[in-house]
Amino acid sequence: MRSTNRWIVCIDSGSITETPRQIRWLLTPRLARQITRFNELPSCSSKFRFVEEVRGRYGCSPEEPLVIEVHLKQNEEYDLDFAWELRILGLFRMMLQKEKLMWNLSTLGGALSAMGDYFDSFADKAQQVSFEQLKIAHELGDPVMSSRCRLYVAHALAQKGCFRESMYIIRREYDVGKKLKSELLTNCAKGFWSKVCFLKKAEEKQLNVVKTC
């Protein structure tokens, strides 16, 4: 049973129905959260250890019912939901891990991309890293980051000589940046466009040199 400032949790019903004794003590927030989870996890080992500890400390026989009544200070604005707090905490930690993985991949992808100007094998690996970043960006729900990852893919394509596909992607992501009103994204698209144009001219110049030889 739950009201705005009280939880009553039946930890162990025992085998008799007499009125349980009252034991009052202050709880830490962590212990209060643990107790409220006992209804969700009725067979967890931590619950059995808790029951044994309470019965042993206060001299409660196994036949006596064990009921925990948790009182919270009255708060007119908030109704604390510890179960949801635990769920959100897990989600928050997962998002932090994905953020950490994203920036680690950015460091690796940058190093591979720098060598991709000279070796196609490094450009291939940089492209693979960009696709992994794109998956994480989708999971994080960040449209700007997703668009930037596609720009990284376009850059890797240009390094391998696929200029038409690369320029198509950059134009598209530039339009995405304008729709999202992201100055960062539009500037990134402009920068990649300049780099691709440079690579294209360098390749054309090299081909002309080969033809004249």
(Q) If I filter the stretch 191-208 for residues that are surrounded by fewer than 13 Cβ atoms within 10 Å (Cβ to Cβ) and among the hydroxyl-bearing types (Ser, Thr, Tyr), do I get at least one hit? (A) yes
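In the stretch 152-163, is there at least one residue being of a type in the set (Lys, Arg), surrounded by fewer than 21 Cβ atoms within 10 Å (Cβ to Cβ) and part of a helix (DSSP H, G or I)?
No, every residue in the stretch 152-163 fails to be of a type in the set (Lys, Arg), surrounded by fewer than 21 Cβ atoms within 10 Å (Cβ to Cβ) and part of a helix (DSSP H, G or I).
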(Q) Yes or no: the stretch 100-110 includes at least one residue that is closer than 24 Å to residue 182 by Cβ and touching a residue at least 40 places away in the same chain (Cβ under 8 Å). (A) yes
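Since every read-out is calculated from the coordinates, none of them should be taken as a lab result. Source: prediction; values computed, not measured. All Cβ positions, glycine included, derive from the backbone under ideal geometry; neighbour counts span all protein chains shown.
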